[in-house]
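Data block below; observations after.
Rule-based calculations on the coordinates, nothing more; no lab input. Note that the coordinates shown come from a computational prediction; the quantities given were computed from them, not determined experimentally. Please note: Cβ atoms are built from the backbone with ideal geometry, for glycine as well, and neighbour counts cover all protein chains shown.
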Amino acid sequence: MSYRLFVIARALHVLSLVVWIGGLGMVTTVILPALRRLDSSAQQAWLFDRVERRFRPQAQVAWAIVGASGLYMLAWLRAWARLIDIRYWWMDAMIALWLAFGAVLFVAEPLILGPRLRDGMNAEVLRRFQILHWVLLIVSLSVIGVVIAGIYGVL
């Protein structure tokens with residue numbers, strides 16, 4: 001395994017995170033507030049469906065690339081022991097976030113949340129969905145911050 005491939009894996013990792021978490025930020029701060037301002041629940045459901053159908057596959061691909069590139073980097077560094085070393089708790093946080101988003105992207109959103117939103121779109125449902133997105137965004141940005149600090153030995 002060459003250093004060049006490691007650098008490519010890290011670049012893919014970061015670029016995919018930008019697509020994935022950047023998309024989460026866009027949905028949270030732009031799309032959901034716009035949905036809440038539409039007049040009818042039919043309009044809200046229609047726009048939500050269009051956005052979700054286009055963004056979810058992009059997020060799923062980005063999520064998969066983050067996982068594959070992260071696994072490659074972990075193997076390249078032979079850093080498996082770090083996963084059980086408390087000094088590298090931030091790596092576990094990163095993996096936990098990745099797993100949680102996998103559950104959202106591949107199970108909760110397509111099978112539970114998406115259909116419920118489309119079928120029962122109203123102001124309260126949208127408000128709760130936006131709160132959930134804010135929590136996911138804040139947690140994601142926090143984890144990214146501590147991971148960067150951890151990589152550079154600050155934590």
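Shown here for the stretch 75-154: chymotrypsin sites (Phe, Trp or Tyr not before Pro) in loop regions (DSSP other than H, G, I, E, B) with at most 13 other Cβ atoms within 10 Å, namely Tyr152. Taking the chain as a Gaussian network of alpha-carbon nodes connected by springs under 10 Å, the highest mean-square fluctuation of the residues Gly114, Gly145, Gly25 belongs to Gly145.
When Ser2, Ser69 are arranged by Cβ crowding within 10 Å, least crowded first, meaning fewest neighbours, the order is Ser2, Ser69. By the scheme Lys and Arg +1, Asp and Glu -1, what is the net charge of all other residues having a beta-carbon under 11 Å from that of Leu126? Net local charge, Leu126 excluded: +3. Considering only Ala62, Ala103, Ala81, the Gaussian network model of the chain with Cα springs below 10 Å gives its largest mean-square fluctuation to Ala81. The residues neighbouring Glu52, those whose beta-carbon lies less than 13 Å from its own, together hold a net charge of +4 under the Lys/Arg +1, Asp/Glu -1 convention.
Here the stretch 103-129 is scanned for amide nitrogen atoms under 19 Å from the site 7 Å beyond the Cα of Asp39 along Cα-to-Cβ, giving 121-123.
Across Leu77, Leu97, Leu117, mean-square fluctuation computed from a Gaussian network of the chain (C-alpha pairs under 10 Å connected) peaks at Leu77. Its residue count N fixes a reference of 2.2 N^0.38 Å for the stretch 3-151, and the Cα radius of gyration divided by that reference is 1.17. Fully extending the segment from Ser142 to Arg116, taken as 0.36 nm per residue of separation minus the present Cα-Cα distance, adds 6.5 nm. Compute the acute angle (0 to 90°) between the alpha-carbon long axis of helix 89-103 and the principal axis of greatest extent of the alpha-carbon atoms of the chain; round to the nearest 10°. So the inclination is approximately 40 degrees.
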